[in-house]
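Quick notes on the structure that follows.
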Amino acid sequence: MSNTYRNYLDIFFEKLLYYRHISSRVNKVFQNDIQLYTSEKASMHFASALIISDWTAPSDNGWEINFHTGLTKQTNKYNYKSEIEKVYSRQLCLLYAQSFESFERLLKDCLYDRLNRDEIIKEYANKLLPKNQIPLNSRKKMPGRENLFKILKRAGGKTFKDFTLKNNPNIRFNELWKILSAVRHSITHNESNIEKSLIKKSDHHFEIFNLLFHSQNISDEFLLVTLDYKKFETLLKRFAEFAFQVFKSLSIEENLEWDIRA
């Protein structure tokens, strides 16, 4: 039997490679720009103001009347570097969030493929669905978040468990999943502000977080997740390696070819 998991893995790898590829070029452009406009002889200043109109106020014979909101933003050579680094960090965080969405898609594709051949896994997955939801009969019905990871652990069987307990970087997969998921949620829903309690559930949780992300302390309860290109490159490499362990464990459990080394 051909290994259909390989197709899903390649799609995920291609996505990560594109993000790393384009981010590398953007990083070089930003670094050159910073060097140019923060040099001793450079002269740079730009400002912006938020101008809007009132949709429900009288117009000027059909023309909108704009007014100043009182909000302005200014950047000069002395804060240009920090501003650019903030912008780039936000962009990399958003690319990470999209990478996580792609990883969830990989899991759903692989696991739906599996449960269509394995009634035991399918029965287990159906038990995780809300009581008012009909049994799994399409890829769109696949659960997400923690239930998705539960199905992965069941489908990965002893192989997945063994890989979790013993691997070269000494990363436990459950804690890795928790960190990746929590950071993605903070980026998408809380402007990259993450609760310290979510990433400090254990020393290992916090070790994984610091391995994959930078952060800034912003309060007693929250950290700001940040990224630069070097950290982003490491993050995507580790993410791809985690995906490969998923692929490898699922393949071994079904006696499928898993060695993709060129």
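Looking only at helices (runs of 4 or more DSSP H) that lie completely in the range 179-262, which have at least 2 residues being acidic (Asp, Glu)? So the answer is 203-212, 229-253.
Quick check: is even one residue across the range 30-51 open to solvent by less than 80 Å² (accessible area, probe 1.4 Å), at pLDDT 95 or above and either of a type in the set (Val, Ile, Thr) or under 24 Å from residue 243 (Cα atoms) (or both)? So far as the range 30-51 goes, no, none of its residues is open to solvent by less than 80 Å² (accessible area, probe 1.4 Å), at pLDDT 95 or above and either of a type in the set (Val, Ile, Thr) or under 24 Å from residue 243 (Cα atoms) (or both).
Of all the residues in the range 221-233, those that are within 20 Å of residue 178 (Cβ to Cβ) and open to solvent by 50 Å² or more (accessible area, probe 1.4 Å) number 2. Please go through the range 159-171 and give me each residue that is in contact (Cβ under 8 Å) with a residue 40 or more places away in the chain and either more than 22 Å from residue 207 (Cβ to Cβ) or open to solvent by 100 Å² or more (accessible area, probe 1.4 Å) (or both), ordered by number. Passing the criteria: only 159. For residue 192, the conditions (1) more than 24 Å from residue 152 (Cα to Cα); (2) more than 14 Å from the chain's Cα centre (by Cα); (3) surrounded by 15 or more Cβ atoms within 10 Å (Cβ to Cβ) are fulfilled apart from (2).
Do we find a residue being acidic (Asp, Glu) and in a strand (DSSP E or B) anywhere in the range 39-58? Looking for residues that are acidic (Asp, Glu) and in a strand (DSSP E or B), one finds none in the range 39-58, hence no.
Touching a residue at least 40 places away in the same chain (Cβ under 8 Å), under 30 Å from residue 247 (Cα atoms) and open to solvent by 50 Å² or more (accessible area, probe 1.4 Å): is that true of residue 22 in this structure?
On the way: touching a residue at least 40 places away in the same chain (Cβ under 8 Å): no; under 30 Å from residue 247 (Cα atoms): yes; open to solvent by 50 Å² or more (accessible area, probe 1.4 Å): yes.
It is false that residue 22 is touching a residue at least 40 places away in the same chain (Cβ under 8 Å), under 30 Å from residue 247 (Cα atoms) and open to solvent by 50 Å² or more (accessible area, probe 1.4 Å).
Any idea how many residues of the range 91-126 are among the charged types (D, E, K, R) and surrounded by 15 or more Cβ atoms within 10 Å (Cβ to Cβ)? Adding up the residues that qualify gives 8.
Taking the numbered list (1) within 30 Å of residue 29 (Cα to Cα); (2) surrounded by 21 or more Cβ atoms within 10 Å (Cβ to Cβ) in turn, residue 210 passes all entries but (2).
If the Cβ limit is 9 Å and pairs must be 6+ apart or interchain, which residue in the range 46-74 that is on the phi > 0 side of the Ramachandran plot pairs with which residue that is surrounded by 10 or more Cβ atoms within 10 Å (Cβ to Cβ)? Listed pairs, sorted by first residue: 70/49; 70/50. Among the residues making up the range 244-262, those that are hydrophobic (A, V, I, L, M, F, W, C), open to solvent by less than 50 Å² (accessible area, probe 1.4 Å) and either within 11 Å of residue 163 (Cβ to Cβ) or under 27 Å from the mean Cα position of the chain (by Cα) (or both) are 244, 246, 247, 250, 260. Against the definition (modelled with pLDDT under 95 and not basic (Lys, Arg)), how does residue 23 come out, yes or no? No. For residue 69, the stated conditions do not hold, so it cannot be described as open to solvent by less than 80 Å² (accessible area, probe 1.4 Å) and touching an Asp or Glu at 6+ places or on another chain (Cβ under 6 Å). Selection of the range 72-90 for residues being open to solvent by 100 Å² or more (accessible area, probe 1.4 Å) and over 17 Å from residue 226 (Cα atoms) yields 73, 74, 78.
The values are calculated or read from the model by the stated rules, or taken from the named source; none is laboratory data. Quick caveat: nothing in here was measured; it's all calculated off a predicted structure. Cβ sites come from the backbone with ideal geometry, for glycine too, and all protein chains shown count toward neighbours. Side chains are part of the model used for accessible areas, which takes the heavy atoms of the whole protein and leaves out ligands, DNA and RNA. Shrake-Rupley method; radii C 1.70, N 1.55, O 1.52, S 1.80 Å.
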